[in-house]
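To start, the structure itself, in structure tokens.
The values are calculated or read from the model by the stated rules, or taken from the named source; none is laboratory data. Keep in mind that what you see is a predicted model, and the values were worked out from it rather than measured.
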Amino acid sequence: MAMGRRRKGRQRELFVAASEVRALGNPFYRALNRLLDDHGFDEFAEEACREFYAEKRGRAFRRACTSGC
């Protein structure tokens with residue numbers, strides 16, 4: 001388009017509010033999350049990793065690795 005020549009009409013705004021975006025997600029991951037929730041995977045993983053975290057002020061902090069890992 002040559003300088004000084006504009007098409008009639010205006011360009012729409014590029015901004016879209018997050019509340020206007022509908023996230024559908026991937027059906028595979030929705031089903032996977034439902035399956036993991038149904039079988040208590042979060043609790044299992046937290047318990048399995050508990051030894052690697054130290055409690056401090058009511059929050060879990062990862063201990064430093066001293067073996068050079």
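Just to be sure, is A18 within 22 Å of the chain's Cα centre (by Cα) and modelled with pLDDT under 80?
So A18 fits the description; yes.
Please count how many residues of segment 22-65 are assigned to a loop (DSSP other than H, G, I, E, B) and at pLDDT below 75.
Final tally of qualifying residues: 8.
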